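This report concerns only the one structure given below.
The values are calculated or read from the model by the stated rules, or taken from the named source; none is laboratory data. Source: prediction; values computed, not measured. FYI the Cβ positions are ideal-geometry reconstructions off the backbone, even for glycines, and counts take in every protein chain you see.
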Amino acid sequence: MAAAGFWDNSETAQATVARLKSINAIVKPLAELLAAGEDLAALIEMAQEDDSLEEELLQELSGMEMNLENLELKSLLDGPHDGSGAILTINARDGGTDANDWAEMILRMYLQWAQKNQYTSELLDRQDNDEAGINSAALAIRGPMAYGYLKGETGMHRLVRISPFNSEGKRQTSFASVDVSPEITDETEIEIDSADVRVDTYRASGAGGQHVNKTDSAVRLTHLPTQIVVQCQNERSQHKNRSTAYKMLRAQLARLEEVKREAEQAARYKDQARVGFGSQIRNYFLHPDQRVKDARTNFLVGNFQSVMDGGIQPFLDSYLRWRVKEQG
C-alpha cells in the first residue's frame, strides 16, 4: 500500500485495502488475545497470594472466553470469497402487496445490520411496487468478511402477521427471497462470453419532476446459459450502470461455481448439500406471538423488532456453527 502508484487503479487499490481489513479482523484480535493470556497468567499468580483479586480474575477470564469464541467464529470464514463484500438480491415472492412490503422490510434489516457493524452499503438497484414496498432490490455490503457472514442468508424468508393491507384484519403469510453473491474484483477469473449475454436498456424509474430520467440509462443483463438476470439503474450514466451490472453478473456466476463446489464436496462425504436458493431458511412471526426462528439451526429470538432493526448477528453465528457440524 505504501508503494508509489498504489492508488493509480482505484478498484484494485480498494480491493487490497479490503483484503487488509479482513486479515486484520483475524490477526489483531489474535494478538490481543495472546497479550491478554500473558496478563492473565500474571494475574493468576497474584491471585494465589491475594484472594481479593479472585473476582477480577474471573471477569478477565470471562472476557477472554468471549473474545476467543468470536475469533473461532471468524476462523470459520475460510471460503475462497468469504473475505469479499456481498451483493444481496432481494425479491418479493408470494403474498401480494404484503410480500412487497416484506421485501422492503428485509432490505432495511440488512442496511441496519451493515450500519451496526460499521460496514458500508450501496443500493445498486431498486424496483418499487406501485402500491407499497418493492418488487426487488440489489444491495452491496462491504466490510471485513461481509460475504462470509451473509452467504448463509440465501433462501426464502417467511413472514406471518396480521396484514396491514387487509381491511378484514386477517393473518397473512408473505415470502421474500434473498440471494447473496460475493463482490469479486476484476482479478478474479470469471470469463463471460459477450455472445452469451443479452443486454436490454430501459428508462430508469424514480421520483418525478426534474429527477425523471429521460434516457435509457438503466441496464438489464441476461446470461443465456444460466438464465441469470441482473439489472442496475442507480447511476444516470448507462455506461456506469452497465459496468455495475457486469460486476453483479460476475458475482452471481462466482456464487454458482461455489455452490457447485460445495455440492461436489457434500456428495463426496455423503452429506446434505448446502441449503440452496429458494429453500425456506427463516420464519418471522408477528402473530400470534413475536419471534424469529431459523429453520436450519432452530435458533430462536423472541424479539421480532430487534431482528428487523439489524440484530441478525446471532443467526449468522449460529449458522456458521451449524455448517461446521454438518460438514463434520
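Consider the range 120-144. How many of its residues are more than 30 Å from PHE165 (Cα to Cα) and either in contact with a Pro (Cβ under 8 Å, 6 or more places away or on another chain) or surrounded by fewer than 19 Cβ atoms within 10 Å (Cβ to Cβ) (or both)?
Adding up the residues that qualify gives 1.
How many residues, within the range 24-44, are of a type in the set (D, E, K, R), over 14 Å from PRO144 (Cβ atoms) and without any contact (Cβ under 8 Å) to a residue 24 or more places away in the chain?
Counting residues in the range 24-44 that are of a type in the set (D, E, K, R), over 14 Å from PRO144 (Cβ atoms) and without any contact (Cβ under 8 Å) to a residue 24 or more places away in the chain gives 2.
For the range 155-172, which residues satisfy the criterion of being farther than 27 Å from ILE228 by Cα and touching an Asp or Glu at 6+ places or on another chain (Cβ under 9 Å)? Spell out the reasoning first.
Step one: of the range 155-172, the residues farther than 27 Å from ILE228 by Cα are 160-172.
Hits for the range 155-172 are ARG161, SER163, PRO164, PHE165, ASN166, GLN172.
Name every residue in the range 151-176 that is surrounded by fewer than 21 Cβ atoms within 10 Å (Cβ to Cβ), part of a loop (DSSP other than H, G, I, E, B) and not aromatic (Phe, Trp, Tyr), in order of residue number.
Matches in the range 151-176: SER163, PRO164, ASN166, SER167, GLU168, GLY169, LYS170.
Let me spell it out: the conditions are (1) out of contact with any Phe, Trp or Tyr (no Cβ under 8 Å at 6 or more places or on another chain); (2) assigned to a strand (DSSP E or B), and ASP179 meets all of them except one. Which number is the exception?
With (1) out of contact with any Phe, Trp or Tyr (no Cβ under 8 Å at 6 or more places or on another chain); (2) assigned to a strand (DSSP E or B) applied to ASP179, the lone miss is (1).
Just one of GLN290, GLN265 is more than 22 Å from GLY85 (Cβ to Cβ), over 22 Å from the mean Cα position of the chain (by Cα) and at pLDDT below 90; which is it?
GLN265
Given the options SER163, SER194, name the one that is in contact with a strand residue (DSSP E or B) (Cβ under 7 Å, 6 or more places away or on another chain) and over 15 Å from MET248 (Cβ atoms).
Step by step, each of SER163, SER194 is checked, and only SER163 is in contact with a strand residue (DSSP E or B) (Cβ under 7 Å, 6 or more places away or on another chain) and over 15 Å from MET248 (Cβ atoms).
Would you be able to tell me the number of residues in the range 297-310 that are in contact (Cβ under 8 Å) with a residue 60 or more places away in the chain and buried (at least 17 other Cβ atoms within 10 Å of the Cβ)?
3
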